[in-house]
1. Could you run through region 266-294 and say how many residues are under 13 Å from Leu249 (Cβ atoms), touching a helix residue (DSSP H, G or I) at 6+ places or on another chain (Cβ under 7 Å) and of a type in the set (A, V, I, L, M, F, W, C)?
2. If we keep just the residues of region 103-144 that are among the basic types (Lys, Arg), within 30 Å of Gly210 (Cα to Cα) and surrounded by fewer than 18 Cβ atoms within 10 Å (Cβ to Cβ), which is nearest to the ligand (Cβ to nearest atom)?
3. Using the structure shown, decide if Phe224 is in contact with an Asp or Glu (Cβ under 8 Å, 6 or more places away or on another chain) and either surrounded by 12 or more Cβ atoms within 10 Å (Cβ to Cβ) or in a loop (DSSP other than H, G, I, E, B) (or both).
4. Could you tell me which numbered condition Ile278 fails, if it satisfies all but one of (1) touching a strand residue (DSSP E or B) at 6+ places or on another chain (Cβ under 9 Å); (2) modelled with pLDDT under 95?
5. Tell me, which strands (runs of 3 or more DSSP E) wholly within region 1-102 include 1 or more residues that are within 16 Å of the ligand (Cβ to nearest atom) and modelled with pLDDT of 95 or more?
6. Please verify whether Asp240 is away from the ligand (no atom under 11 Å from the Cβ) and either without any contact (Cβ under 8 Å) to a residue 24 or more places away in the chain or buried (at least 17 other Cβ atoms within 10 Å of the Cβ) (or both), treating the condition exactly as stated.
7. Here is a check on your reading of the model: is Val257 under 16 Å from the mean Cα position of the chain (by Cα) and not in a loop (DSSP other than H, G, I, E, B)?
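The values are calculated or read from the model by the stated rules, or taken from the named source; none is laboratory data. These numbers were taken from a predicted model, which means no experiment stands behind them. Don't worry about glycine lacking a Cβ; one is built from the backbone with ideal geometry, like all the others, and counts go over all protein chains shown.
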Amino acid sequence: MALDFGFHSPVEELHLPLLKEKNIRLSVKRDDMIHPFISGNKWRKLKYILKNAQEQQKQTLVTFGGAWSNHLLATACAGAKFGFETHGFVRGEEVQNPVLSLCKVFGMELHFVSREAYLDKPRLFEQHFDAKQVVFIDEGGYSSEAVQGCAEIMDELPQDYEHLFVGCGTGATVAGVSVGIAKHQKQTQLHGVPVLKGGDFIRHEISALGVDPAPIQLHTEYHFGGYAKTKPELLLFIQDFVSGTGILLEPTYTGKVFYAVFDLIRKGYFREGDHILILHTGGLTGFLGMYQKF
Ligand SMILES: *Cc1c(COP(=O)(O)O)cnc(C)c1O
């Protein structure tokens, strides 16, 4: 089956009082609208992994994630849609939650492993699977194929922007976008917002994918205490933004990225007249793990 959804995710411009006051334009590339479960950057990262798997006639995908992983769910659903068997190694003791139930209903077989065993993913893979027939997909889809897929975001933009903001977990998405910007010889300044503490490690992860991190401006002070950690001001911002725009954010990734952009706008970081684009990387089922905070 063709590895395509047959449309490009739309770009939507926001009209909010702060933007008017500061004379800033702000648009959102709605990769969250690509698919409800094969969401956002997780689809971009899987696309060429699945294409290679089809070409090599491999029928099984094996991957890794935490209990709320957007990547596990995207892989489970993509496997169901494009005809692959899927296995997911889940970090930690056996638990039940809506995301893991969705993985199961899409046909993924889940293997819960201790945090120690989880550290050595190649070993887990080799112990259980035959690499000749089965595809190893790293946590979060981190791979050179992910870079190739995320670079395509730049093929789809209707116009130029002064700034483009991307959230970073492993850094594969921002690395791919950087490749796309270079390919199109755009002047756009690319910004990464790491959602983990100590986000400077992202530079190393980007280099390891063969991409120069130097042109990427990292904003490492918007992690709110670390991965999946929140603070009241982040939750208030999300409440305010979502109720004012109808665009859903969750606290783990997109909430932090949008917060960073609005904070920088308020602080006068941008020039008057600048047009900013934020990549909405999807992952909205993450909200289900945090719903009690709202
Ligand atoms: C996984 C994820 C990211 C992080 O992407 P990386 O390529 O690992 O940097 C960002 N946003 C959302 C919504 C995600 O699910």
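1. Looking only at that region, the number is 4.
2. Filtering region 103-144 for residues that are among the basic types (Lys, Arg), within 30 Å of Gly210 (Cα to Cα) and surrounded by fewer than 18 Cβ atoms within 10 Å (Cβ to Cβ), the one nearest to the ligand (Cβ to nearest atom) comes out as Arg115.
3. no
4. Failed condition: (2).
5. Passing ranges, in order: 25-30, 60-65, 85-91.
6. In short, yes.
7. So Val257 passes the test.
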